[in-house]
Amino acid sequence: MKSPIVQSTHGVTLAGGGPIPARDLALALARAPVAVAADGGADRLLQLGVTPDAVIGDMDSISGAARQVIPAERQHLVAEQVTTDFDKALRLIEAPIVLALGFAGARLDHGLAAFSTLIARADRRCILLGPKDFAFAAPSRLTLDLQPGEPFSLFPMAQVSGVSTGLEWPIAGIRFAPAGMIGTSNRVIARRVELEFDQPGMLVILPRRRLDAAIRALRSAP
């Protein structure tokens, strides 16, 4: 793997080419102040008045106008076509947390590819923001401070098992799989939810109001 292009001790907001409401960008930048674009995400940022600190991708989606505005030294071409621009950017960012916008919502295939990247690059601790909720790859152990009664969903991207406390329907003894048992529409019953998984492959999906709780949990996870 190449050396990171972007290194931040704070957090990185990573923009994709899908729709990004101004309020969502403001929410992300308040928590992850370094703005990075994955290819055509550069145009989204510029439209919202933000010049990215870096643009990473194969550069087949960014406009010519954006390339003229953004300094050349901030544009980083990754020419291979095997992976998505989200993957290219995420693997070249080193930060305690990445908040990704504009990757889930515009097209179903792009959203599915983004979920796959979350699992493939789980070491990058990335939260993918959607219109009403968000998703991230579960580390091996996770502790979340939540509120009883809130929705809590798990979706396996591979075969994976685990144990839980604080959920209405415990997950112990279940072998999850994408085409088998899934864990959506569970519910929180305690102020602290603890999860442990036997291997990578599980997505955690929570309502947007619990973003700060997820950031704290991921930053402190082993």
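Test of understanding: what is the full-extension gain from GLN159 to ARG67, defined as 0.36 nm times their sequence separation minus their Cα-Cα distance?
Numbers: separation 92, 0.36 × 92 = 33.12 nm, distance 4.23 nm.
Separation in residues times 0.36 nm, less the Cα-Cα distance, equals 28.9 nm.
So what are the chain's ellipsoid semi-axes, whole angstrom, largest first, if each one is the square root of 5 times an eigenvalue of the alpha-carbon gyration tensor?
31, 17, 15
If you stretched the chain out fully between GLN7 and THR184, how much longer would it get, using 0.36 nm times the residue separation minus the C-alpha to C-alpha distance?
Once the chain is fully extended between GLN7 and THR184, it gains 60.3 nm.
Please give the per residue accessible area of the chain, computed with a probe of 1.4 Å over protein heavy atoms only, in Å².
47
Would you compute, from DSSP H runs of 4+ residues alone, the mean residue ellipticity of the chain at 222 nm, taking -39500 (n - 2.57) per run and dividing by the full residue count, rounded to the nearest 500?
That calculation yields -6500 deg cm²/dmol at 222 nm.
Using alpha carbons only, how many angstrom separate the centre of the range 123-160 from the centre of the range 65-97?
Between the Cα centre of the range 123-160 and that of the range 65-97, the gap is 25 Å.
Measure off 7 Å from each Cα along the Cα-to-Cβ vector at GLN199 and GLN147, then give the distance between these two points in nanometres to one decimal.
3.8
Suppose each label sits 7 Å from its Cα in the direction of the beta carbon; what would the ARG192-ALA120 distance come out to in nanometres?
Spacing of the two 7 Å Cα→Cβ label points: 3.7 nm.
Could you pull the Rg and Dmax for the range 136-222, using just the Cα atoms, both in Å?
11.7, 31
May I ask for the net charge around PRO21, where only other residues with Cβ less than 13 Å from the Cβ of PRO21 are counted and Lys, Arg are +1 while Asp, Glu are -1?
+3
Mind ordering 17-24, 2-9, 139-146, 94-101 by average Cβ neighbours within 10 Å, highest first?
Taking the mean over residues of other Cβ atoms within 10 Å, the ranking is 94-101, 139-146, 17-24, 2-9.
May I ask you to give the percent of accessible area on the range 80-208 that is carbon plus sulfur, with a probe radius of 1.4 Å?
Roughly 56 percent, rounded to a whole number.
The values are calculated or read from the model by the stated rules, or taken from the named source; none is laboratory data. The structure displayed is predicted, hence computed values, not measured ones. Neighbour counts are summed over all protein chains in view; Cβ atoms, including those assigned to glycine, are modelled from backbone coordinates with ideal geometry. Heads up: the accessible areas ignore ligands, DNA and RNA and are worked out on the full protein's heavy atoms, side chains in. Shrake-Rupley method; radii C 1.70, N 1.55, O 1.52, S 1.80 Å.
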